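> Just passing along the structure, written as structure tokens.
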Amino acid sequence: MIKLQVIIGSAIIRRLGGVEVGMKPWKRTIFQHSPLCVRKVLANLEAVKRNGTRHGGDYKKHYENIDMLRILSEDHSDEKLERLNALLAACRTNIPYYRESIPTEELTSLKEIAKLPLLRKEDLRGNLDRYSNAEPVLGFWHGTTGGTSGQMEFLRDLRSLHYEYALYDRLYGFAAGVSNVKKARFSNVPIAGPTSHTPPFWMEVSKMNQLQCSVYHLDEESYAGYLQAIANFGADIGTGYAFLWLRLAEEALAHKDDRLKLKAVVSDSEGMTQKQKQMVEKAFACKVFQTYGTSEVGMIAVQCEQGHYHILDRVIVEILDEAGEPMPDGLDGEIAVTDLWSTDAPFLRYCPGDRGILQPSGCSCGWQGPYLEKLTGRVRDYIVTAEGRKVNHTARIMAGIPGVRVFQYIQDEPGQLHICVETREGFEPEKMKSVHKNARKIIGEMRITWEVVEQIEKSPSGKIKTVIRNFE
Ligand SMILES: [Zn+2]
């Protein structure tokens, strides 16, 4: 039996995640080694803490005011412009970097956002003081995200978080058609030991009205247990990783097992094709809403029945060419996103490293407003396991290794990986041993070699490709 070690879509782990019981490494260790009853208590305590952060501030007010159908189906350009000008005014006053770098006059159209400087990961790295308010109104959520040049820390204004979580909760309700939605969630919370073959691989977190399901144990033998547990829990919707819902759907369909019916699946990632989405819809007799977002700015767009990602009222999305200039609608380019709510830690024209094609309006689903017709890829790329699985979230293999300026994976065949490392002060070759352990956790056994190189090759556009794959 091949255990499903990890099949984790790219955007997903980069995300803060819809309603997750994520935790710090030391907590995770205690959690993993505790008996089930203790884990349940710990998970609920964590949930209470997280709910406190997420549902504070104006969350309640937002939740009461949000009309999800209106947000998805109407154009919000005027409101966005107004909010953008308010954001810029606050930036001029409170954010050191923007005091001098943004024009003093108000913008008169959303297109004029191009007058503002772009924000890239390398700008933020080590520079959070310059890009945040020293005296934030509500405070920050501290996040980290992976990337080609290692982990990056960032701050999110809690105001942005509160609005986003109100949106999430409304989206769940909108998708399910009920309030007080019960969720079954696939995310990387450690429910059971990674090599455990004994269920349960799921755990009820009552404080979140949620059945937390392990991503590490779903396979052709355990699938039926998952279906039954989710059905017993009475889940209205499925959330979390799109790929795991697809996996569960594949097993259910293959075994003609229709015991689980859901009202909807609302994934916190994209990644399923339209055909795969239809499989999930068929397996659980429900609709699927994939979302697109990043951990730094949160949820950006929600997918419609046509497979297009409609941009939410909380962000502005632009598409840029290689020189960072705006591209005409309908052409593939780099995504820049502005979070209209993160006032004290602005993400203004932030480039998360994704690519897509933008259309201003006219989707045949009937929802107005701009949408991403396609997400065409990211600066990150996948690696292929010995079993032929494509794994997107690969930066974590290099987690915890100091003194790495940039790295690049070169893959000549499935199951093998060569890592080129451009180092800086503080690099410790000894620490590279941990790539094996990291990789095992993420993608299973890989044959890994590595070397220090003077300079990693860049593409003509100046980007470093995370993965160079020398096979089809
Ligand atoms: Zn649409």
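The values are calculated or read from the model by the stated rules, or taken from the named source; none is laboratory data. Remember, predicted model here, so these are calculated numbers, not experimental data. Counting neighbours? That spans all protein chains shown, and the Cβs are built from the backbone with ideal geometry, glycine included.
> Can you name every residue in region 293-310 that is within 13 Å of the ligand (Cβ to nearest atom), within 18 Å of Ala336 (Cα to Cα) and not aliphatic (A, V, I, L, M)? If you could, list the steps in order and put the result at the bottom.
Quick first cut of region 293-310, residues within 13 Å of the ligand (Cβ to nearest atom) only: 301-310.
If we keep only those that are within 18 Å of Ala336 (Cα to Cα) as well, we get 301-302, 308-310.
Those that are within 13 Å of the ligand (Cβ to nearest atom), within 18 Å of Ala336 (Cα to Cα) and not aliphatic (A, V, I, L, M): His308, Tyr309, His310.
> Check region 381-394 and report whether any residue there is among the basic types (Lys, Arg), away from the ligand (no atom under 16 Å from the Cβ), modelled with pLDDT under 80 and under 25 Å from Glu422 (Cβ atoms).
no
> Residue under question is Val337, and the condition is that it be crowded, with 24+ Cβ neighbours inside 10 Å, touching a residue at least 40 places away in the same chain (Cβ under 8 Å) and either more than 16 Å from Glu373 (Cβ to Cβ) or among the hydrophobic types (A, V, I, L, M, F, W, C) (or both); does it hold? Lay out the reasoning, then the answer.
Numbers: crowded, with 24+ Cβ neighbours inside 10 Å: yes; touching a residue at least 40 places away in the same chain (Cβ under 8 Å): yes; either more than 16 Å from Glu373 (Cβ to Cβ) or among the hydrophobic types (A, V, I, L, M, F, W, C) (or both): yes.
Against the criterion (crowded, with 24+ Cβ neighbours inside 10 Å, touching a residue at least 40 places away in the same chain (Cβ under 8 Å) and either more than 16 Å from Glu373 (Cβ to Cβ) or among the hydrophobic types (A, V, I, L, M, F, W, C) (or both)), Val337 qualifies.
> Mind checking which pairs have a first residue in region 25-47 that is within 25 Å of Asn438 (Cα to Cα) and touching a residue at least 60 places away in the same chain (Cβ under 8 Å) and a second that is in a helix (DSSP H, G or I) and not charged (D, E, K, R), Cβ under 7 Å, 6 or more apart or different chains?
If the second residue must be in a helix (DSSP H, G or I) and not charged (D, E, K, R), the pairs left are Phe31/Leu42; Arg39/Phe31.
> Might you let me know whether region 72-93 holds any residue that is assigned to a loop (DSSP other than H, G, I, E, B) and at positive phi? Write out each step before concluding.
Going residue by residue through region 72-93, those that are assigned to a loop (DSSP other than H, G, I, E, B) are 74-76.
Right, trim to at positive phi and you get none.
Within region 72-93 (the criterion being assigned to a loop (DSSP other than H, G, I, E, B) and at positive phi), the answer is no, since none of the residues qualifies.
> Separate question: Scan region 361-375 and give yes if some residue there is closer than 23 Å to Tyr97 by Cα, in contact with a strand residue (DSSP E or B) (Cβ under 9 Å, 6 or more places away or on another chain) and assigned by TED's automatic domain parsing to the domain that holds Phe140, otherwise no. Even if it seems obvious, please write down each step before you answer.
So the first thing to find is which residues in region 361-375 are closer than 23 Å to Tyr97 by Cα, and the list is none.
The answer is no; no qualifying residue exists.
> Given (1) within 16 Å of the ligand (Cβ to nearest atom); (2) surrounded by fewer than 17 Cβ atoms within 10 Å (Cβ to Cβ); (3) not in a loop (DSSP other than H, G, I, E, B), identify the lone condition not met by Asp329.
Every condition holds for Asp329 apart from (3).
> Tell me yes or no: at least one residue of region 456-468 is free of Cβ contacts under 8 Å to residues at least 40 places away in the same chain, under 30 Å from Gly193 (Cα atoms) and part of a loop (DSSP other than H, G, I, E, B).
The answer is no, given that none of the residues of region 456-468 is free of Cβ contacts under 8 Å to residues at least 40 places away in the same chain, under 30 Å from Gly193 (Cα atoms) and part of a loop (DSSP other than H, G, I, E, B).
> Quick one: Arg99 ticks every box in (1) assigned to a helix (DSSP H, G or I); (2) in contact with a strand residue (DSSP E or B) (Cβ under 8 Å, 6 or more places away or on another chain); (3) surrounded by fewer than 15 Cβ atoms within 10 Å (Cβ to Cβ) except a single one, so which number is it?
Every condition holds for Arg99 apart from (2).
> So Ala229 fits all but one of (1) away from the ligand (no atom under 16 Å from the Cβ); (2) touching a Phe, Trp or Tyr at 6+ places or on another chain (Cβ under 6 Å); (3) at pLDDT below 95; what number is the exception?
Going through the list (1) away from the ligand (no atom under 16 Å from the Cβ); (2) touching a Phe, Trp or Tyr at 6+ places or on another chain (Cβ under 6 Å); (3) at pLDDT below 95, Ala229 breaks only (3).
Yes/no matrix, rows are residues, columns are (1) aliphatic (A, V, I, L, M); (2) closer than 30 Å to Met446 by Cβ:
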{"residue": "Thr294", "(1), (2)": "no, yes"}
{"residue": "Val315", "(1), (2)": "yes, no"}
{"residue": "Leu358", "(1), (2)": "yes, no"}
{"residue": "Lys374", "(1), (2)": "no, no"}
{"residue": "Val384", "(1), (2)": "yes, yes"}
{"residue": "Gly388", "(1), (2)": "no, yes"}
{"residue": "Arg396", "(1), (2)": "no, yes"}
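> Could you go through region 120-129 and let me know if any residue there is at pLDDT below 95, on the phi > 0 side of the Ramachandran plot and in the same structural domain as Gly177 (by TED's automatic domain parsing).
The answer is yes; a qualifying residue exists.
> Among the numbered conditions (1) loosely packed, with under 14 Cβ neighbours inside 10 Å; (2) of a type outside the set (Ser, Thr, Tyr); (3) within 16 Å of the ligand (Cβ to nearest atom), tell me where Glu428 comes up short.
Status for Glu428: all satisfied but (3).
> For region 405-444, which positions are under 27 Å from the mean Cα position of the chain (by Cα) and among the aromatic types (Phe, Trp, Tyr)?
Scanning region 405-444 gives Phe407, Tyr409.
> Also: Give me the strands (runs of 3 or more DSSP E) completely within region 262-318, filtered to those with at least 3 residues that are in the same structural domain as Ala231 (by TED's automatic domain parsing) and out of contact with any Cys (no Cβ under 7 Å at 6 or more places or on another chain), ordered by residue number. Before the answer, list the steps.
Working: elements: 264-267, 287-289, 291-294, 298-303, 309-311.
Of the strands (runs of 3 or more DSSP E) lying wholly inside region 262-318, those with at least 3 residues that are in the same structural domain as Ala231 (by TED's automatic domain parsing) and out of contact with any Cys (no Cβ under 7 Å at 6 or more places or on another chain) span 287-289, 291-294, 298-303.
> While we're on this one: If we scan region 122-136, do we find a residue that is hydrophobic (A, V, I, L, M, F, W, C) and under 30 Å from Val288 (Cβ atoms)? Walk me through it before giving the result.
Within region 122-136, the subset hydrophobic (A, V, I, L, M, F, W, C) is 124, 128, 134.
If we keep only those that are under 30 Å from Val288 (Cβ atoms) too, we end up with none.
Within region 122-136, not a single residue is hydrophobic (A, V, I, L, M, F, W, C) and under 30 Å from Val288 (Cβ atoms).
> Quick check on region 341-350. Is at least one of its residues of a type in the set (Val, Ile, Thr), at negative phi, away from the ligand (no atom under 16 Å from the Cβ) and within 23 Å of the chain's Cα centre (by Cα)? Don't jump to the end; show me each part of the working.
From region 341-350, those of a type in the set (Val, Ile, Thr) are 343; that's our starting set.
Next, from what is left, pick out any that are at negative phi: 343.
Adding the requirement that they be away from the ligand (no atom under 16 Å from the Cβ) leaves 343.
Now restrict to residues that are within 23 Å of the chain's Cα centre (by Cα): 343.
Yes, that holds for at least one residue.
> Where the second residue is at pLDDT 90 or above and the first is outside the structural domain of Ser214 (by TED's automatic domain parsing) and lies in region 239-250, which pairs have Cβ atoms under 9 Å and are six or more apart or on separate chains?
Going by the 9 Å Cβ cut-off, there are no qualifying pairs.
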